[in-house]
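Chemist: Starting off with a structure, shown below.
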Amino acid sequence: MSNPTIACGHGIGAASMSPPSALLSVGLIGTGSIGADHARRLARTVAGARVHSVFDVDSARAAAVGAEVGAEVRRSAGDVIEDPAVDAVLVASADESHAEMVLASIGARKPVLCEKPLAPTVTESLEIVAAEQAAGRMLVQVGFMRRYDEGFCSLKAAVRDGVIGQPVTSHCVHRNATSPPGFTSAMSFTSSVIHEVDTMRWLLDEEIVAVTVVPTRTSPLAPEGLRDPQIVLLETESGIVVDTEVFVNCQYGYDVRAELVGSLGAISLDQPSSSTVALEGARRRAVVWDWRDRFASAYRSEVQQWVAAVRAHATEGAERPVATGAATAWDGYAATAVAESAAVALETGARQAVVLEARPPLYT
């Protein structure tokens, strides 16, 4: 499994950074919503880095983000990756382009932080794993930001310390207010549940060996042709069963919850803390509207730790330019394999085994 070290670092300040001349120059590919957010983080809240250059297929969008953060705008992704002035690459482009961008970054021997998924297919994910092995070192970190959320880290600590005894089962909820245009039933797994897949592999330190999709009644507010909600059962190698409700058109906000049940007790992660308003005979508590609000702190910590790891590798000889406990290319491959198996389970209506390749020594 992945490194069990808990990757929850908060408050890495400028005092621990090198002089401004040693700032990490990051090339950003993709300036949509998450890419633009990453650009602002690197420019304003993450210490030790700057956005050197950006590219997006939407040139106007790239120009706007570049002007906002003081970065140069390039005509192609290759121009960003191959620029000698770019130290590391952050990939936030469309999912189907991830493999190409990551492979090019590995070929240029540049560390890369790739938003999830690592790649849309198992085949492409394994190509990335093979490329890293050929390079002889890990260069890829995958953007599963929940590993940096304080709430999820508290669950990880509880498992590590045996607070609830031996884990026996887990219950998860993953709800979005509405789904974007073109969202398909299979994307509930490849775009949403893939977070639960990585989170549970990380929390339990076990591989997922089988997946089942349970048919449910479809919401009348779901777009035509979209099965929503869905229930997904994940089975780990030791027999732990994780049930996940994924509901991407719940209408009321963004709601991510998890409960781990053990032999001695249970630990739950609810909505993050918020104020409660007592008014007109009722108590009301706000629900965040989307994932960017819910995981803003986790994203900042993720990017900060990636920057710190890349700089430590370059200036202090650290073993690898990947943050401790972060999702590696192998973790990205394993998550994609489970998501792909879930899509098959949806089509066949049958339990689907998840068969992974043998783990290369690079990832042990």
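Chemist: Per 10 Å bin, what percent of the C-alpha pairs of the stretch 150-294 does each bin hold, from zero upward?
Modeler: 11, 37, 32, 17, 2, 0
Chemist: Mind sorting His313, His195, His98, His171 by how few other Cβ atoms lie within 10 Å of their own Cβ, fewest first?
Modeler: His171, His313, His195, His98
Chemist: Do any GluC sites (Glu not before Pro) in the stretch 257-364 lie in a loop, going by DSSP, with at most 15 other beta-carbon atoms within 10 Å of their beta carbon, and if so which?
Modeler: Listed in order of number, the matching sites are Glu280, Glu319, Glu357.
Chemist: Subtracting the Cα-Cα distance from 0.36 nm times the residue separation, let me have the gained length for Thr169 to Thr324 in nm, one decimal.
Modeler: Working it through step by step, the gained length comes to 53.1 nm.
Chemist: For a test of the definition: using alpha carbon positions, the gyration tensor, and the 1.5 limit on a/c, classify the stretch 21-82 as rounded, prolate or oblate.
Modeler: It comes out oblate by the Cα gyration axes.
Chemist: Further, regarding this structure: What number, rounded to the nearest 500 deg cm²/dmol, is the helix-based mean residue ellipticity at 222 nm of the chain, given -39500 (n - 2.57) per DSSP H run of at least four residues and division by all its residues?
Modeler: The per-residue figure over the chain is -10000 deg cm²/dmol.
Chemist: For a label point 7 Å from the Cα of Thr184 along Cα→C-beta, name the residues of the stretch 334-364 whose backbone N is under 14 Å from it.
Modeler: Label zone hits: 340-348.
Chemist: For the chain, which cysteines have no disulfide-compatible partner, meaning no other cysteine Cβ under 4.7 Å?
Modeler: Unpaired cysteines in the chain: Cys114, Cys172, Cys250.
Chemist: Counting only C-alpha contacts under 8 Å and six or more residues apart, can you give the relative contact order of the chain as a whole percent?
Modeler: Values: 757 pairs, mean separation 78.9, N = 364.
Value for the chain: 22 percent.
Chemist: On a C-alpha basis, how far is the centre of the stretch 46-98 from the centre of the stretch 201-277 in Å? Whole number, if you could?
Modeler: Cα centroid of the stretch 46-98 versus Cα centroid of the stretch 201-277: 34 Å apart.
Chemist: By its C-alpha gyration tensor, with a ≥ b ≥ c as the square roots of the eigenvalues, how is the stretch 174-225 shaped: rounded for a/c under 1.5, else prolate for a/b larger than b/c, else oblate?
Modeler: It is prolate, given that a/c is not under 1.5 and a/b is the larger ratio.
Chemist: Roughly how many whole Å is it from the C-alpha centroid of the stretch 305-364 to that of the stretch 137-153?
Modeler: 10
Chemist: Within the chain, which is the longest segment that contains none of the trypsin sites (Lys or Arg not before Pro) sitting in a DSSP loop with at most 13 other Cβ atoms within 10 Å?
Modeler: Longest stretch, sites excluded: 218-350.
Taken together, the values in this text are just the output of simple stated rules run on the coordinates, not laboratory data. All values reported here derive from a predicted model rather than from experimental measurement. Every residue, glycine among them, receives a Cβ derived from its backbone with ideal geometry; neighbour counts consider all protein chains shown.
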